[in-house]
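Written below as structure tokens is the structure these notes are about.
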Amino acid sequence: MTEKELKEIVFTELKKIAPECDPDDVDPDENIREALDIDSYSFLQLIIALSDSTGVDIVEADYEKVFTLEGMLRYLSARID
Amino acid sequence: MGEFRMPSLGADMEAGRLVEWLVKPGDRCRRGDIVATVETQKGLFEVEIFEDGIIGEALVQAGQRVPVGTVLAMINPEGAAAAAEKAGTVPPPVTVKAEPEQLKPAEVPSERPPVRAERLACSPSARRLAAELGVNVEDVRGTGPHGAIQRIDIEQAAQKAASSAEAAAASRPLPAAAGTLQQGMRQAIAAAMSRSNREIPHYYLEMEIDMSRPLHWLEGENLKRPIRERLLPAVLLLKGVAKALRDVPELNGYWLDERLQVKQELHIGFAVALRGGGLITPAIHHVDKLGLTELMKAMGDLVERTRAGRLRSSEMTDTTITVTNLGDLGVRAVYGVIYPPQVALVAFGRIMERPWAEGGMLGVRRTVTVTLAADHRATDGHRGSQFLEALNRHLQLPEEL
Amino acid sequence: MSEQATNSTTYREAVKMAIREALIRDERVFLMGEDVGYYGGCYAVSKGLLAEFGPERIRDTPLSESAFVGAGIGAALGGMRPIVEVMTVNFSLLALDQIMNNAATIQHMSGGQFNVPLVIRMATGAGKQLAAQHAHSLEGWYAHIPGLRVLSPATLEDARGMLWSALQDPDPVIIFENNTLYNLEGALAADAGAVDIDSAMVRRPGTDITIITYSASLYKCLDAAAALAKEGIEAEVIDLRTLRPLDDATYLASIARTHRALIVDEGWRSGSISAEISARIMEQAFYELDIPVARICSAEVPMPYARHMEEAALPQVDAIVATVKRMVGHG
């Protein structure tokens, strides 16, 4: 999976949770939960969705690492086969 | 014979629009079945029936807006309808015999001829405006002299209809697409909260709770669980509230007719913020009887359906106490406004690391600030503080939640 | 309007200016009535005119309304342009036969051969403690009669300008001057002249209610509208100016905007001009109405003499304010 494809997947899932947002406008270092107003329930749904589409299980202890787009992409690409 | 009426889906609801009948005349229904969808200022709701029976002819058609309490359809008892089905005829109305007696003119003097009472007072200009704006004057409550409907009543009805239609349109096919605050919901919240602030003498209590133990336990638990079954801290908090309410039941109920009515059932209204603004607090039924996994499922289901605009009427009417978890995203403490006629609201701030002094030592712990807003007519601060202490006690024993 | 272009004057002076202008401009014009000459007019309107124009054109008459109104009709038929002054509308009843059976009907009875270009001026209205034989407002009765034009100047401009226009009308015109207005002071354009005598005028624009009135009641309505504006109610005040033929278009257009109508009429309620207007609104603007038409009229009693009784019998500002508030839903 290319970085571009991965980004595509993350953006698609984000749009499902926050349809009115444009992930392109989000600073890669910004906390997406705050920037896109995503509550803990919706964040869990995002984690589940990403697990389904990438096969990566983000364990709860690592949630902090994926609070930014940059962190999320780095975390996922490091673990995708 | 029973009556299926437009339900009141909250203290602020005056009328609702019947959007769709999900049953036909002649259908057999069981108590709890969803028989219609109704649209209010807060969105679209699935309405349940509270009686077993056969649905009679629809007295209100889809699309009509009627006041709370309006009979939407009769519910015929199973037996009568079955007999009628066999005979192939409609059962005769049972009341026919009683009516002539009631109408004896000498015995029942009526102040006005019935025809006059039926006549709808509506100014000619309002009537024309209603036709222009597509408002049914029969659905409008007049505020003019002698209850006459005037232009302003039509204008307001049209405005309400437009905003609730907007809200419904926004919440149905693309629930999260509501980019702007829906005016109807804003009005509904405004009405309920103004009433609360006007009528309820609130008192507030606050407590800082050390969440180290419960979160440590939760993380261990989540490690064992597949991703789809992971629990959120909110589930622990909800369950803790439910257990504490068993210790201090006076906070779970309604203030009605100038007295506290404690409720046995524990239906916690869970505040769900809608993307784009607005808030709905549907009930999670029988929280005390649910395990944590079931509660997580129930909560997830409720959040999804709230945001999709598919709540059931009982979820809007049964709430006995409200919990808000506004701190999920940021704030440290929340001072809530009680939703009448409830008598308490429990609010959690954000779980965050803070300095914590204990046993002469200073450490860093993850803590949460919980506040109780309670109706001083119903309870006193002493009971309120007992509730918060009980909540702390239960949260410190997460394995028993 | 600039300072230089206006003069401070009174309603009385404005009427006198109008008569003077007519006497100067048209030699066929003459003034006739009780005490108009040597005495200068019961309300001092014609003071000084006898000296200026002589007894041929400023003619004192005997105390016989029927006779001198009849003489005026004859003069008009003979090609003159008489201005006949009747002291008050109550006295004009003595001449009603002349006014109605002759002035208003001769054109019809002559098969269109003869017009009666007569102008009758008369004082009307209460407020000066003149009691039940001098102080009624019977304009509505005259407005009932086909063949007459009935004018009701309420402002200095109309007092100054309606007479000349009336004299140009080939048919009889009656001008009602409310006796409480003669001392009304105000600015009048130095070049003020003839005004139209066909249309009503919006004297104060507003959006919430249409108040229809005429003559001295105009000022009560304007005072009430000013008071209402302080409470956020914008009343539109319409001065009818001409009571026959009524200018329906002006008040109907206003009601189409405000959807509420109040008629303030110093006449008695039953069978009054206010009743006529109310009926026309119902006939032509029923679907504009958001609330029934309301009327404030004089109490249906002979006009009392005592001041407090007289005031109680007349439409007053307080009643107008209260009625409007009730109608607009603020009461």
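When the stretch A:46-71 is limited to residues that are part of a helix (DSSP H, G or I) and facing chain B (nearest Cβ under 8 Å), the one that is surrounded by the most Cβ atoms within 10 Å (Cβ to Cβ) turns out to be A:Ile47. Please count how many residues of the stretch A:9-43 are in a helix (DSSP H, G or I), aliphatic (A, V, I, L, M) and within 13 Å of another protein chain (Cβ to nearest Cβ). Total satisfying the criteria: 4.
Of the set (1) among the acidic types (Asp, Glu); (2) at pLDDT below 90; (3) farther than 26 Å from A:Pro19 by Cα, all apply to B:Glu166 but (3). Kindly indicate whether any position in the stretch C:309-316 is outside any loop (DSSP other than H, G, I, E, B), polar (S, T, N, Q), surrounded by 15 or more Cβ atoms within 10 Å (Cβ to Cβ) and at pLDDT 95 or above. Within the stretch C:309-316, none of the residues are outside any loop (DSSP other than H, G, I, E, B), polar (S, T, N, Q), surrounded by 15 or more Cβ atoms within 10 Å (Cβ to Cβ) and at pLDDT 95 or above. Of the residues making up the stretch C:223-240, at least one is within 13 Å of the chain's Cα centre (by Cα), not acidic (Asp, Glu) and not in a strand (DSSP E or B). Here is the figure for the stretch C:268-308: residues that are more than 18 Å from C:Trp141 (Cα to Cα), charged (D, E, K, R) and surrounded by 13 or more Cβ atoms within 10 Å (Cβ to Cβ) total 2. Looking across C:Thr213, C:Thr207, one residue alone is crowded, with 24+ Cβ neighbours inside 10 Å and β-branched (Val, Ile, Thr). It is C:Thr213.
All of C:Ile281, C:Ile273 fail the test of being touching a strand residue (DSSP E or B) at 6+ places or on another chain (Cβ under 7 Å), under 23 Å from B:Ala121 (Cα atoms) and not assigned by TED's automatic domain parsing to the domain that holds C:Ala132, apart from C:Ile281.
I'd like to know if the stretch C:81-104 contains one or more residues that are more than 20 Å from C:Ala166 (Cβ to Cβ) and more than 23 Å from the chain's Cα centre (by Cα). Within the stretch C:81-104, none of the residues are more than 20 Å from C:Ala166 (Cβ to Cβ) and more than 23 Å from the chain's Cα centre (by Cα). Pairs are defined by a Cβ separation below 6 Å, a sequence spacing of at least 6 or placement on different chains, a first member in the stretch A:15-33 that is surrounded by fewer than 18 Cβ atoms within 10 Å (Cβ to Cβ), and a second member that is in a strand (DSSP E or B) and modelled with pLDDT of 80 or more; the pairs so defined are A:Asp29/A:Thr68.
Looking at C:Phe68, C:Phe91, which one is crowded, with 20+ Cβ neighbours inside 10 Å and either of a type in the set (Phe, Trp, Tyr) or not assigned by TED's automatic domain parsing to the domain that holds C:Leu138 (or both)?
Result of the check over C:Phe68, C:Phe91: C:Phe68.
Only one of the numbered conditions (1) away from chain C (no Cβ under 14 Å); (2) modelled with pLDDT of 80 or more; (3) in contact with a helix residue (DSSP H, G or I) (Cβ under 6 Å, 6 or more places away or on another chain) is violated by B:Thr143, and that is (1). The residue list B:Leu260, B:Leu236, B:Leu218 contains one member that is under 24 Å from B:Ser314 (Cβ atoms) and either assigned to a helix (DSSP H, G or I) or away from chain A (no Cβ under 14 Å) (or both), which is B:Leu260.
Just one of the numbered conditions (1) more than 11 Å from chain A (Cβ to nearest Cβ); (2) outside any loop (DSSP other than H, G, I, E, B); (3) in contact with a helix residue (DSSP H, G or I) (Cβ under 7 Å, 6 or more places away or on another chain) is not true of B:Trp255: (3). Once the stretch C:155-170 is narrowed to residues that are touching a helix residue (DSSP H, G or I) at 6+ places or on another chain (Cβ under 9 Å) and not in a helix (DSSP H, G or I), the residue that is nearest to C:Met17 (Cα to Cα) is C:Thr155. Selection within the stretch B:291-335: residues that are free of Cβ contacts under 8 Å to residues at least 12 places away in the same chain and more than 14 Å from chain A (Cβ to nearest Cβ). The member of this set that is farthest from B:His394 (Cα to Cα) is B:Glu294. Annotation note: of C:Gln98, C:Gln107, C:Gln129, the sole residue that is in a loop (DSSP other than H, G, I, E, B) and among the polar types (S, T, N, Q) is C:Gln129. Note on the stretch B:1-47: residues that are among the charged types (D, E, K, R), over 21 Å from B:Arg195 (Cα atoms) and not in a strand (DSSP E or B) total 5. Note on the stretch B:193-210: among residues that are hydrophobic (A, V, I, L, M, F, W, C) and in contact with a helix residue (DSSP H, G or I) (Cβ under 7 Å, 6 or more places away or on another chain), the one that is surrounded by the most Cβ atoms within 10 Å (Cβ to Cβ) is B:Ile209. What number of residues within the stretch B:334-352 are more than 21 Å from the chain's Cα centre (by Cα) and more than 20 Å from A:Asp39 (Cβ to Cβ)? Matching residues across the stretch B:334-352 total 0. Is it the case that some residue within the stretch B:376-383 is part of a loop (DSSP other than H, G, I, E, B) and out of contact with any Leu (no Cβ under 8 Å at 6 or more places or on another chain)? Yes; the residues of the stretch B:376-383 include at least one that is part of a loop (DSSP other than H, G, I, E, B) and out of contact with any Leu (no Cβ under 8 Å at 6 or more places or on another chain).
If you go through the stretch C:312-325 and keep only what is within 19 Å of C:Leu138 (Cα to Cα) and touching a residue at least 24 places away in the same chain (Cβ under 8 Å), you end up with C:Ala313, C:Leu314, C:Pro315, C:Gln316.
Where in the stretch C:1-88 are there helices (runs of 4 or more DSSP H), lying wholly inside it, with at least 2 residues that are free of Cβ contacts under 8 Å to residues at least 60 places away in the same chain and in contact with a Ser or Thr (Cβ under 9 Å, 6 or more places away or on another chain)?
C:65-77
Yes or no, residue by residue, for (1) within 14 Å of chain C (Cβ to nearest Cβ); (2) among the β-branched types (Val, Ile, Thr); (3) under 14 Å from C:Leu289 (Cβ atoms):
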| residue | (1), (2), (3) |
| --- | --- |
| B:Pro124 | yes, no, yes |
| B:Leu129 | yes, no, yes |
| B:Asp139 | no, no, no |
| B:Gln150 | yes, no, yes |
| B:Glu155 | yes, no, no |
| B:Ala158 | no, no, no |
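From the list B:Leu279, B:Leu231, which one is within 14 Å of another protein chain (Cβ to nearest Cβ), surrounded by 19 or more Cβ atoms within 10 Å (Cβ to Cβ) and touching a residue at least 12 places away in the same chain (Cβ under 8 Å)? Criteria check complete, one pass: B:Leu231.
The values are calculated or read from the model by the stated rules, or taken from the named source; none is laboratory data. What you see is a predicted model, and the numbers here were worked out from it, not measured in a lab. Every residue, glycine among them, receives a Cβ derived from its backbone with ideal geometry; neighbour counts consider all protein chains shown.
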